[in-house]
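Structure, as structure tokens:
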Amino acid sequence: MSLRQLLLRLPRYLGASGPLRGPLDTISSVISWRGQSSRSPAQWSQVVSEAEKIVGYPTSFMSLRCLLSDELSNIAMQVRKLVGTQHPLLTTARWWREDGEQCSFQMSRSKGLVHDSQNNLQLRGLVVLLISKAAGPNSVNASCQNYDMVSGIYSCQRSLAEITELIHTALLVHRGIVNLNELQSSDGPLKDMQFGNKIAILSGDFLLANACNGLALLQNTKVVELLASALMDLVQGVYYENSTLAKENHITDDIGISTWKKQTFLSHGALLAKSCQAAMELAKHDAEVQDMAFQYGKHMAMSHKINSDLQPFIKEKTSDSLSFNLNSAPVVLHQEFLGRDLWIKQIGEAQEKGRLDYAKLRETIKAGKGVTSAIDLCRYHGNKALEALESFPPSEARTALENIVFAVTRFS
């Protein structure tokens, strides 16, 4: 049986169905945008497809060694018991769609193991592989000469890309745990939801354990330290988000764009930034090259997150009932331009029978400066990512990294 046939059978086993307060100097300083080159692909899927050819294989297969293991197969069988409930672990562990040669296996409501809101196929692992190839081998340090290399990427760097995706996926699975105190009768029996939470915890822990084992096999203490600190940042960032959402008045929290940047880096940027740096460490590149890789990963991740936050406000077809995060970049910027008092007033005006009318509030925010400022901020981080790439020699891998930035910062 081929690998592709194994992939196509996974849904049957799962029983799944279906296809920083202060002036905004950083924004106003965006005088010019580099723009998308005429050779840059217009579609995100095309960008990813071309990038995967450069690194040697589809990154959607990166975690198969873990996914097809006996332990996770057993978890998949247990997940079938949740059929008929609304537990996120069931509704998200499904095949999302088959797009050409790429099969996307979604593991989250909004962001997946292979597929997310930008149709990215394991973006973090792909970026780690691309930046590894863009930097190339270290011509000065001879200690890497005995490493296995395929398509210009060391085997240890490929392992790092897998580890990065395992950590990210484990976090997504853990974040799918249901708050049992907020269950509704339509969600399903309490015992089933409790069981689903247990499976989510165990499967997430299993992925993390595999990531930790892979890190140990790399036998590089600095890389272990970098990824451990990235995991700590992730947990801290999620804690900030959850502590904000737990407050009854979270819709009026006045966090400011500076605080938003710090928290977003922890929860969305640290893993990619430190994984890119770790890839350079594995190839024994100097501190300057490591820092440029870190800067690319950081600003690329920030740009990607802002793009995701902008989608409810820039999509041509958006459901009127679709909610959006009230601590997302456009909303935070809108509030900062408006002032706290007027923001609270707008929140009140958007309330109907004790519930927030997201459609009305969305139109109010779109009429202000928050959305356009968020687009500028997205492009600012895109420019910073491109600047970091200038220290790498011209290559098709570097061009692919540039195209990823162009695709994320393209708004039309």
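The values are calculated or read from the model by the stated rules, or taken from the named source; none is laboratory data. None of the values given here were measured: they were computed from a predicted structure. Side chains included, ligands, DNA and RNA excluded: accessible areas come from the protein's heavy atoms. Shrake-Rupley method; radii C 1.70, N 1.55, O 1.52, S 1.80 Å.
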Quick one: order Ser308, Ser275 from most to least accessible surface, probe 1.4 Å. Ser308, Ser275
Leaving ligands and nucleic acids out of the surface, order Lys366, Lys315, Lys191, Lys305 by accessible area at 1.4 Å, largest first. Lys191, Lys315, Lys366, Lys305
Enter the accessible area of Glu281 (Å², nearest 10), with the probe set to 1.4 Å and all protein chains included. 30 Å²
By accessible area (1.4 Å), largest first, Tyr380, Tyr240 order as Tyr240, Tyr380
Accessible area of Met149 in the full protein assembly, 1.4 Å probe (Å², nearest 10): 80 Å²
